[in-house]
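Visitor: Provided herewith is a single structure, encoded as structure tokens, for subsequent inquiry.
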Amino acid sequence: MALRRAHASGIEIVLVTGRRHTFALPIAEQLGFDLWLISSNGAVTRSLAGKTFHRDLMPAETCRRLCGAMQEFRGHTVLTFDKEIKGAIVLERLDELSSNIRRWLEKNMEYIEFVVPIERALLSDPVQAMFCGTMARMSEALRALEGAGVDGSVTILRTEYPERDLSMIDVLNTGCSKGHALERWAAHRGYRREEVMAIGDNHNDIEMLEFAGHPVIMGNACEELLGRGWTVTRGNDACGIAAAVDLALGAETFIVG
């Protein structure tokens, strides 16, 4: 595997994902070496062994105001918390979530708690609020967020899969993103941005790719990324990450996927 070869050559690998840390672990564990994960779109940086470097949580009061302003989308609202027990994922109901998201939630029912109204769950600061549904419905949610009165206190990130008619809007603490978390980690490890290579494929990767000195996008990336002049590797169905990593091995760069 290309990532194992890179690790063996002394290149540091960090997995950066929109998934919660626990949900990303099965993939990380397959690599066969210790590493750090930046999860929840930059909100949590934690090692495979469970050591926490940084958390960037949303103040509960900010999330409370957000939920109040997004009343129309309560059936699409999911809150996540940094804990590994029931209540790590909170929502009011399942009926308005798209079938793809509903299947994902049903596979993780051990972590899910139903709370009505959802604000009652805000006994501690959440990692994020997420709105998910069809592309059309989430376009409406984005417009509603623009008028929600939370400008300057949150970061709004999108992940979209048009072929599945699935859109997820992640709302995190202000200044929180994959890019901010990667920059923080690189500074901690003493890497210059010129030594950082990032690989991404969706809207929520933009800040990370903008920070990296060597941004690489997957061949199946969304149009917004493809139009920025960044290096394009093969698609995710054609070993695109392996191709990008093999290229980096010659440049001795630090890789983020």
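The values are calculated or read from the model by the stated rules, or taken from the named source; none is laboratory data. Keep in mind the model is a prediction, meaning the values are calculated, not measured. Neighbour counts are summed over all protein chains in view; Cβ atoms, including those assigned to glycine, are modelled from backbone coordinates with ideal geometry. Ligands, DNA and RNA are stripped out before the accessible areas are found, and what is left, the full protein with its side chains, is counted by its heavy atoms. Shrake-Rupley method; radii C 1.70, N 1.55, O 1.52, S 1.80 Å.
Visitor: When you check T134 against the structure, is it buried (at least 20 other Cβ atoms within 10 Å of the Cβ) and among the β-branched types (V, I, T), yes or no?
Guide: Details: buried (at least 20 other Cβ atoms within 10 Å of the Cβ): no; among the β-branched types (V, I, T): yes.
Taking the combined requirement at face value, the residue does not satisfy it.
Visitor: Right, here's the next one. Within segment 71-101, count every residue that is without any contact (Cβ under 8 Å) to a residue 12 or more places away in the chain and open to solvent by 70 Å² or more (accessible area, probe 1.4 Å).
Guide: 2
Visitor: All but one of (1) more than 27 Å from S153 (Cα to Cα); (2) in contact with a strand residue (DSSP E or B) (Cβ under 7 Å, 6 or more places away or on another chain); (3) surrounded by fewer than 15 Cβ atoms within 10 Å (Cβ to Cβ) hold for E12, so report the exception by its number.
Guide: That leaves (3) as the condition not met.
Visitor: Name the residue, out of G42, G18, that is open to solvent by less than 40 Å² (accessible area, probe 1.4 Å), on the phi > 0 side of the Ramachandran plot and at pLDDT 95 or above.
Guide: Working: G18 fails: on the phi > 0 side of the Ramachandran plot.
The match here is G42.
Visitor: So, one more: Take G32 and decide whether it is of a type in the set (G, A, S), open to solvent by 10 Å² or more (accessible area, probe 1.4 Å) and over 30 Å from E140 (Cα atoms).
Guide: Values: of a type in the set (G, A, S): yes; open to solvent by 10 Å² or more (accessible area, probe 1.4 Å): yes; over 30 Å from E140 (Cα atoms): yes.
For G32, the condition - of a type in the set (G, A, S), open to solvent by 10 Å² or more (accessible area, probe 1.4 Å) and over 30 Å from E140 (Cα atoms) - is met.
Visitor: If a residue counts only when it is open to solvent by 10 Å² or more (accessible area, probe 1.4 Å), in contact with a helix residue (DSSP H, G or I) (Cβ under 9 Å, 6 or more places away or on another chain) and polar (S, T, N, Q), which strands (runs of 3 or more DSSP E) contained entirely in segment 163-257 have at least 1 such residues? Working first, answer last.
Guide: Numbers: elements: 166-173, 196-200, 214-217, 254-256.
So the answer is 166-173.
Visitor: If only one of E106, E119, E113 is of a type outside the set (K, R), open to solvent by 70 Å² or more (accessible area, probe 1.4 Å) and in contact with a Lys or Arg (Cβ under 6 Å, 6 or more places away or on another chain), which one is it? Reasoning before the result, please.
Guide: Working: E106 fails: in contact with a Lys or Arg (Cβ under 6 Å, 6 or more places away or on another chain); E119 fails: open to solvent by 70 Å² or more (accessible area, probe 1.4 Å).
The match here is E113.
Visitor: Identify all residues within segment 207-231 that are more than 20 Å from the chain's Cα centre (by Cα) and more than 17 Å from D246 (Cβ to Cβ); write none if there are none.
Guide: Within segment 207-231, G213, G227, R228, G229, W230 qualify.
Visitor: Please determine whether any residue of segment 173-186 is of a type in the set (V, I, T) and touching a residue at least 24 places away in the same chain (Cβ under 8 Å).
Guide: Looking only at segment 173-186, we keep the residues that are of a type in the set (V, I, T), and these are 174.
Remaining after also requiring touching a residue at least 24 places away in the same chain (Cβ under 8 Å): none.
The answer is no, given that none of the residues of segment 173-186 is of a type in the set (V, I, T) and touching a residue at least 24 places away in the same chain (Cβ under 8 Å).
Visitor: Let me ask something additional. Filter segment 76-90 for residues that are more than 19 Å from the chain's Cα centre (by Cα) and aliphatic (A, V, I, L, M) and give the result.
Guide: In the first step, residues of segment 76-90 are kept if they are more than 19 Å from the chain's Cα centre (by Cα); the result is 85-87.
The one that is more than 19 Å from the chain's Cα centre (by Cα) and aliphatic (A, V, I, L, M): I85.
Visitor: Those residues that are assigned to a strand (DSSP E or B) and among the hydrophobic types (A, V, I, L, M, F, W, C), I need them from segment 120-161; list them, please.
Guide: Going residue by residue through segment 120-161, those that are assigned to a strand (DSSP E or B) are 128-133, 154-161.
Answer for segment 120-161, where residues must be assigned to a strand (DSSP E or B) and among the hydrophobic types (A, V, I, L, M, F, W, C): A129, M130, F131, C132, V154, I156, L157.
Visitor: For segment 145-162, name all the residues that are in contact with a helix residue (DSSP H, G or I) (Cβ under 7 Å, 6 or more places away or on another chain) and open to solvent by less than 30 Å² (accessible area, probe 1.4 Å). If you could, list the steps in order and put the result at the bottom.
Guide: From segment 145-162, those in contact with a helix residue (DSSP H, G or I) (Cβ under 7 Å, 6 or more places away or on another chain) are 148-150, 153-154, 156-160, 162; that's our starting set.
Result: A148, V150, S153, V154, L157, T159.
Visitor: Same structure again: Residues in segment 168-179: is at least one under 19 Å from the mean Cα position of the chain (by Cα), over 17 Å from A43 (Cβ atoms) and of a type in the set (S, T, N, Q)? Write out each step before concluding.
Guide: In the first step, residues of segment 168-179 are kept if they are under 19 Å from the mean Cα position of the chain (by Cα); the result is 168-179.
Checking which are over 17 Å from A43 (Cβ atoms) leaves us with none.
So far as segment 168-179 goes, no, none of its residues is under 19 Å from the mean Cα position of the chain (by Cα), over 17 Å from A43 (Cβ atoms) and of a type in the set (S, T, N, Q).
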